[in-house]
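Take a look at the structure set out below.
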Amino acid sequence: MTRRVVCDASGLIDLHKAQLLFVMLTLPYRFIVPLPIRFSEMLDLTDEDWRQLDHSGLETFDLPGDLVAEVVRLAEETRGLSANDCFCLVSVLQFRDAVLLTGDLGLRRAAAAAGVQVHGVLWIVDRLHATGACRASRLIAALEAWREDRTVFLPRTELEDRLRRLRGG
C-alpha cells in the first residue's frame, strides 16, 4: 500500500512558490489535502491549478461529521492551533502510518506529540532528489528562492547543507 502524506497549507504554499508542487505529485506517495485546506484563501491557486492537481493525483479528504466534531474539540482544547491545523491533525490520524507535511511549528509539535511522523518541504526536496524525479538544478533554484523569500521559514543550516550537496560540494 502506498504511504499517505497529508499536506497542510504552509507546505503547499512553499512548494507552489518554488514551482515544486506539481512535481511533488510524481513521488510514490498518496498526497492528501483536507477539504478546508483546499479552500483556504492563503493558497494562491486557480481553479485550473486545482484541476491539474486533481488530475495529477492530489486527493481531497472530506472529514465525516464525527471527525469534524473532533476537529472542533481539538481546536477548543489546543492553544496555538488554527482550525485548519486541527483539520490536518485529525485527518492524518485517520490513516495508518501517514505522514504530515507542514512547516507550521505549532502543528508540527502537536502532531509529534500525537505520534505522527512530520516532515517539511526540505523532505520533499530530498525525496525528489533521491528518486531522480527532479533535476538538481531545479531543486537548487527552489532552495535559493526559499532562501531569499522572507515569508518562507526554513532552518537555514539545513537549507544551506542541501544546496552544498546538490551543487556537489
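Scan region 94-117 for residues that are in contact with a strand residue (DSSP E or B) (Cβ under 9 Å, 6 or more places away or on another chain) and not basic (Lys, Arg) and the total you get is 13.
Listed here are the residues, each with its yes/no results for (1) among the aliphatic types (A, V, I, L, M); (2) in contact (Cβ under 8 Å) with a residue 24 or more places away in the chain.
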{"position": "Ala9", "(1), (2)": "yes, yes"}
{"position": "Lys17", "(1), (2)": "no, yes"}
{"position": "Arg30", "(1), (2)": "no, yes"}
{"position": "Gly65", "(1), (2)": "no, no"}
{"position": "Glu76", "(1), (2)": "no, no"}
{"position": "Leu93", "(1), (2)": "yes, no"}
{"position": "Thr102", "(1), (2)": "no, yes"}
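Pairs are defined by a Cβ separation below 9 Å, a sequence spacing of at least 6 or placement on different chains, a first member in region 145-169 that is over 21 Å from Ile13 (Cα atoms), and a second member that is assigned to a helix (DSSP H, G or I) and open to solvent by 60 Å² or more (accessible area, probe 1.4 Å); the pairs so defined are Arg165/His129; Leu166/His129; Leu166/Ser137.
In region 85-92, is there at least one residue being at pLDDT 95 or above, closer than 18 Å to Ile13 by Cβ, surrounded by fewer than 20 Cβ atoms within 10 Å (Cβ to Cβ) and of a type outside the set (D, E, K, R)? Looking for residues that are at pLDDT 95 or above, closer than 18 Å to Ile13 by Cβ, surrounded by fewer than 20 Cβ atoms within 10 Å (Cβ to Cβ) and of a type outside the set (D, E, K, R), one finds none in region 85-92, hence no. Looking only at region 78-91, residues that are without any contact (Cβ under 8 Å) to a residue 24 or more places away in the chain and part of a loop (DSSP other than H, G, I, E, B) come to 2 in all.
Residues checked against (1) in contact with a Ser or Thr (Cβ under 6 Å, 6 or more places away or on another chain); (2) of a type in the set (S, T, N, Q); (3) modelled with pLDDT of 95 or more:
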site: Val99; (1), (2), (3): no, no, yes
site: Leu105; (1), (2), (3): no, no, no
site: His119; (1), (2), (3): no, no, yes
site: Ile124; (1), (2), (3): no, no, yes
site: Ala130; (1), (2), (3): no, no, yes
site: Ala133; (1), (2), (3): yes, no, yes
site: Ala142; (1), (2), (3): no, no, yes
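Scanning region 36-61 for residues that are part of a helix (DSSP H, G or I), of a type outside the set (Lys, Arg) and surrounded by 12 or more Cβ atoms within 10 Å (Cβ to Cβ) yields Pro36, Ile37, Asp49, Trp50, Gln52, Leu53, Asp54, Ser56. One residue stands out in region 1-24 among those that are touching a Ser or Thr at 6+ places or on another chain (Cβ under 7 Å) and open to solvent by 10 Å² or more (accessible area, probe 1.4 Å): the one that is nearest to Gln117 (Cα to Cα), namely Ser10.
The values are calculated or read from the model by the stated rules, or taken from the named source; none is laboratory data. Remember, predicted model here, so these are calculated numbers, not experimental data. Please note: Cβ atoms are built from the backbone with ideal geometry, for glycine as well, and neighbour counts cover all protein chains shown. The area values use the complete protein model at the heavy-atom level, side chains included, leaving out ligands, DNA and RNA. Shrake-Rupley method; radii C 1.70, N 1.55, O 1.52, S 1.80 Å.
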